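Enquirer: Sharing a structure below in structure tokens format, with a few things to ask.
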Amino acid sequence: MTLDFQFPKDFWWGSAASATQTEGSANGKKGKDIWDHWYKTEPNRFFDGVGPDLTSDFFNRYQEDIRNMKAIGHNSFRLSISWSRLIPGGVGEVNSEAVTFYNQVIDELLANDIEPFVNLFHFDMPLELQTIGGWENREVIDAYTNYAKIAFKLFGDRVKKWFTFNEPIVPVEGGYLYDFHYPNIINFRKAIQVAYHTMVAHAKVVKAYHEDQDGKIGIILNLTPSYPRSQHPADLKASHICDLLFNRSFLDPAVKGEYPEDLIKLLGEHDHLPIIESGDLELIKANKIDLLGINYYQPRRVKAKDNLPNPNSPFMPDWFFDNYEMPGRKMNPYRGWEIYEKGIYDIMINLKENYDNIESFISENGMGVQDEERFLKNGRIEDDYRIDFIKGHLKWLHKAIEENCNVRGYHLWTFMDNWSWMNAYKNRYGFYSVNIETQERTAKKSASWFAEVAKQHGFND
Ligand code: BGP
């Protein structure tokens, strides 16, 4: 019997999480990262004043969690290594307790036939390295490369899928443009330098990996299609600039090994090109990724600016476009993000047509909902909205596969409710709910539904 939406037999079904959001930073020995520091200095910036100390206690409960993954048919799972746990301070001595912990997690996953996908950096700069400027400082590139090489040596025998960064543009936007990550700087010039150095660091690590290891290495990007309000040339120009700044600034160098000419021209015209050292561009050119992870939550809709920017306000990407609220758009009102399932297909077609159909997978997609206890029935959260959300996206992904897009898997954000940066526990995303008082995990309805999908590699409408 074939299903309405049948996926390949070797499709990757699973979910993703990150160290800071799950491990509990007060658990075990760990250096400080920017989240520990920011929470200590400005707890009021976090929803309900909840910080990263405990989160979902994965550090102590990973065995139960991995059993739960197995129970819902995961064949793959992405985690991140906390740099400041593995090497407190970011450089220097390796923390043997952290080595034991990550070894145990990796071995437990493998023992349960779940392939570990490991990401090296998920927004969590070690504090000491941020103190010397973070990605503004090229010393941090070397420190990161060293950390990555250590991780490859320690875990590369068993981990065969690695990622340099998760959504590298987010620390740029949050930390240097829009004030939602530490160090809360607003400076477009610095933002560009930080973004650029991140890519240099990425290329160095890809190079180191290929020289020494035999698996695949990639990057995880939040690709956000930029839809223009209309076909008016001014709207088209606004969307083109957004695409350059927010998608192609990382996608092109990672996959094609070079920056888009239009981006270089745009930044040049505004005297905002980054400082480039000799050899950088050759390094980026020579070290492309093997595999691309795509995080997709929402589209970006833009229009030409209604008003000229205030010349006394800081120069920002938003000088080139206004956000456009399309009438009738479907919203996730809790997170304030538009839901547009077809976006996932548009991304895939773009990769097929313009990026050599690079091997890819959906590394995050998901729906954060507030106060999910409202949907409790007989002890279980009946999250039909989440099932509909996943289904809607999988249908478009299926169409992309039928049209020969090279997409290999789907990971939900996230496995269990976890701590979400400034939003802390406001929006819940998991297949499993987590009671943050008792840490008890309970499968939601979507977990049982997904288990069936993973088992059959598909579903009926
Ligand atoms: C992505 C991040 C995740 C996760 C998710 C949900 O951008 O990679 O770490 O947090 O978004 O977003 P939020 O937690 O802000 O609701």
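The values are calculated or read from the model by the stated rules, or taken from the named source; none is laboratory data. What you are looking at is a predicted structure, and each value in this text was computed from that prediction instead of being measured. Note that we place each Cβ from the backbone using ideal geometry, even for glycine, and neighbour counts take in every protein chain shown.
Enquirer: So in region 356-367, with the set limited to residues that are of a type in the set (D, E, K, R) and away from the ligand (no atom under 13 Å from the Cβ), which one is nearest to SER76 (Cα to Cα)? Please lay out each step first, then the result.
Expert: Step one: filter region 356-367 for residues of a type in the set (D, E, K, R), giving 356, 359, 364.
Pick out the ones that are also away from the ligand (no atom under 13 Å from the Cβ) and you get 356, 359.
Working: ASP356: 25, GLU359: 16 Å.
So the residue we want is GLU359.
Enquirer: Which pairs turn up if I take residues in region 352-377 that are farther than 30 Å from PRO260 by Cβ and look for partners that are of a type in the set (Asp, Glu) and away from the ligand (no atom under 16 Å from the Cβ) with beta carbon separation below 7 Å, at least 6 apart in sequence or on another chain?
Expert: Partner pairs satisfying both residue conditions: PHE375/GLU382.
Enquirer: Out of ILE381, ILE387, report the one residue that is buried (at least 21 other Cβ atoms within 10 Å of the Cβ), among the β-branched types (Val, Ile, Thr), more than 16 Å from the ligand (Cβ to nearest atom) and at pLDDT 95 or above. Walk me through it before giving the result.
Expert: Working: ILE387 fails: buried (at least 21 other Cβ atoms within 10 Å of the Cβ).
Testing whether each residue is buried (at least 21 other Cβ atoms within 10 Å of the Cβ), among the β-branched types (Val, Ile, Thr), more than 16 Å from the ligand (Cβ to nearest atom) and at pLDDT 95 or above leaves just ILE381.
Enquirer: To continue, here is another question. Examine region 162-169 for a residue that is on the phi < 0 side of the Ramachandran plot and surrounded by fewer than 19 Cβ atoms within 10 Å (Cβ to Cβ), and state whether such a residue exists.
Expert: Going residue by residue through region 162-169, those that are on the phi < 0 side of the Ramachandran plot are 162-166, 168-169.
Remaining after also requiring surrounded by fewer than 19 Cβ atoms within 10 Å (Cβ to Cβ): none.
Looking for residues that are on the phi < 0 side of the Ramachandran plot and surrounded by fewer than 19 Cβ atoms within 10 Å (Cβ to Cβ), one finds none in region 162-169, hence no.
Enquirer: Which count do you get for residues in region 263-282 that are aliphatic (A, V, I, L, M), part of a helix (DSSP H, G or I) and surrounded by fewer than 17 Cβ atoms within 10 Å (Cβ to Cβ)? So that I can check it myself, show each step before the final result.
Expert: Pass one, region 263-282, residues aliphatic (A, V, I, L, M): 263-264, 266-267, 273, 275-276, 281.
Of the ones still in play, those that are also part of a helix (DSSP H, G or I) are 263-264, 266-267, 281.
Subsequent filtering for residues that are surrounded by fewer than 17 Cβ atoms within 10 Å (Cβ to Cβ) retains 264, 281.
Residues meeting the conditions: 2.
Enquirer: Given the residues TRP419, TRP413, which is the only one that is touching a Pro at 6+ places or on another chain (Cβ under 8 Å) and crowded, with 18+ Cβ neighbours inside 10 Å?
Expert: Numbers: TRP413 fails: touching a Pro at 6+ places or on another chain (Cβ under 8 Å).
On inspection, the qualifying residue turns out to be TRP419.
Enquirer: Which of the residues belonging to region 1-29 are of a type outside the set (D, E, K, R), assigned to a loop (DSSP other than H, G, I, E, B) and within 18 Å of ARG441 (Cβ to Cβ)?
Expert: Of all residues in region 1-29, those of a type outside the set (D, E, K, R) come to 1-3, 5-8, 11-22, 24-28.
With assigned to a loop (DSSP other than H, G, I, E, B) added as a condition, the list becomes 1-3, 7-8, 11, 17-18, 24-28.
Scanning region 1-29 gives ALA17, SER18, GLY24, ASN27.
Enquirer: Among the residues of region 283-311, which ones are polar (S, T, N, Q), outside any strand (DSSP E or B) and buried (at least 18 other Cβ atoms within 10 Å of the Cβ)? If you could, list the steps in order and put the result at the bottom.
Expert: Kept after step one, since they are polar (S, T, N, Q), are these residues of region 283-311: 287, 295, 298, 307, 310.
In the following step, the residues that additionally are outside any strand (DSSP E or B) were identified as 287, 298, 307, 310.
Correct list: ASN287, GLN298.
Enquirer: Restricting to region 378-432, give me the number of residues that are farther than 17 Å from TYR296 by Cα and of a type in the set (A, V, I, L, M).
Expert: Going through region 378-432 one residue at a time, the tally reaches 4.
Enquirer: Working only within region 210-262, note down all residues that are part of a helix (DSSP H, G or I) and of a type in the set (A, V, I, L, M). Working first, answer last.
Expert: Within region 210-262, the subset part of a helix (DSSP H, G or I) is 210-212, 233-256, 261-262.
Listed by number, the residues that qualify are ALA234, LEU236, ALA238, ILE241, LEU244, LEU245, LEU251, ALA254, VAL255.
Enquirer: To continue, here is another question. Mind listing just one residue for me: the one in region 413-457 that is under 23 Å from the mean Cα position of the chain (by Cα) and β-branched (Val, Ile, Thr) and, of those, nearest to the ligand (Cβ to nearest atom)?
Expert: Here the residue is THR414.
Enquirer: Looking only at region 41-64, decide whether some residue is over 26 Å from PHE431 (Cβ atoms), within 16 Å of the ligand (Cβ to nearest atom) and more than 21 Å from the chain's Cα centre (by Cα).
Expert: Here is the first cut: in region 41-64, the ones over 26 Å from PHE431 (Cβ atoms) are 41-45, 49.
Now narrow it down to the ones that are within 16 Å of the ligand (Cβ to nearest atom): 45.
If we keep only those that are more than 21 Å from the chain's Cα centre (by Cα) too, we end up with 45.
Among the residues of region 41-64, at least one is over 26 Å from PHE431 (Cβ atoms), within 16 Å of the ligand (Cβ to nearest atom) and more than 21 Å from the chain's Cα centre (by Cα), which makes the answer yes.
Enquirer: Here is a further query. Among GLU338, GLU372, GLU353, which is the only one that is within 30 Å of ALA254 (Cα to Cα) and within 16 Å of the ligand (Cβ to nearest atom)? Steps first, answer last, please.
Expert: Numbers: GLU372 fails: within 30 Å of ALA254 (Cα to Cα); GLU353 fails: within 16 Å of the ligand (Cβ to nearest atom).
Just one listed residue meets the conditions, GLU338.
Enquirer: So GLY73 clears everything in (1) touching a Lys or Arg at 6+ places or on another chain (Cβ under 6 Å); (2) assigned to a helix (DSSP H, G or I); (3) buried (at least 18 other Cβ atoms within 10 Å of the Cβ) except one condition, right? Which one?
Expert: (2)
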